[in-house]
Structures are given as C-alpha cells and as structure tokens.
Amino acid sequence: MTTATRVRPAALILTPTAEARIAALMAKAPADAIGVKLSTPRRGCSGLAYSVDYVTEAKPFDERIDTPGGTLFVDGGSILYLIGSTMNWVEDDFAAGFVFVNPNAKGACGCGESFTV
C-alpha cells in the first residue's frame, strides 16, 4: 500500500494586485530583506490588526508563500487567524493599502483597523 501526498493549499490567497504590490515592495526593499511578513499583532480596539513588514530571516513556524515578485511570510503565531483569507491591494484617489477578507474574523472595529476572532 502506497501513501499519496497531496499538495498543501496556501493558507492565504493573494490576488494579482497583492502579488504586484509585494513585487513593488521587494524592488525597493533593504538589501538584507528576504521577503515581507504578514502578522497579526495585538492592537486596536478589536484586539488584532494586520501588519506587513520586511523580514530578514525566516522563522521555523512561519508559512512561506512564493509569489512571482517575492516571498510572503505569514507569522506562525498568526496563521490560525488567517487561514482561508484573501489578501488584496486596493488603491483609490484617497487611500491605498492591503485589504483582507478574513472568514475567521467575528467582528471589526468601526474604522476597520483591527478585528477579533
């Protein structure tokens, strides 16, 4: 009896505009950056917020998502809050930023800066 392994789906779905933004960030990244990292630090009125920063080393439990323009790391401590989410980059006349559709979020603050699970 042989055991077949399946390809594990990415924990987070990236839209083409999010991938393009990661590529743009990596094009102007510091020399020691190996990618960008998404985490959910505790802050804001609802408890958790989304944070994207440059990263210089991969941590053992970080999730790695390779995109055409660079690597997105998802913080190992945040992954359970983000499984199944979609990450998008949105720009309009007044604002620009990553926008998340997170099926795990049970609520968000009025300003949209933080969420709760």
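The values are calculated or read from the model by the stated rules, or taken from the named source; none is laboratory data. Here the structure is a predicted model, which is why all the values come from computation and not from measurement. Don't worry about glycine lacking a Cβ; one is built from the backbone with ideal geometry, like all the others, and counts go over all protein chains shown. The protein model used for the area step is the full one, side chains on, heavy atoms only, and it has no ligands, DNA or RNA in it. Shrake-Rupley method; radii C 1.70, N 1.55, O 1.52, S 1.80 Å.
The figures follow:
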read-out	value
Positive minus negative residues near Ala58 (Lys, Arg vs Asp, Glu; Cβ under 14 Å)	-4
Area of Glu91 that stays accessible when all protein chains are in place (1.4 Å probe, Å², to 10)	130
Solvent-accessible area, 1.4 Å probe, carbon plus sulfur percent, for the chain	56
Within-15-Å neighbourhood charge of Asp32 [Cβ basis; K, R +1; D, E -1]	0
Radius ratio Rg over Rh of the chain, counting only Cα atoms, Kirkwood formula for Rh	1.00
The chain, relative contact order in percent, only Cα pairs under 8 angstrom and at least six apart counted	28
Heavy-atom accessible area per residue - the chain, 1.4 Å, Å²	63
Segment Arg43-Val99, extension gain: residue separation times 0.36 nm, minus the distance between their alpha carbons	18.4 nm
Potential extension, Ala58-Ile83 segment - 0.36 nm per residue separation minus Cα distance	7.1 nm
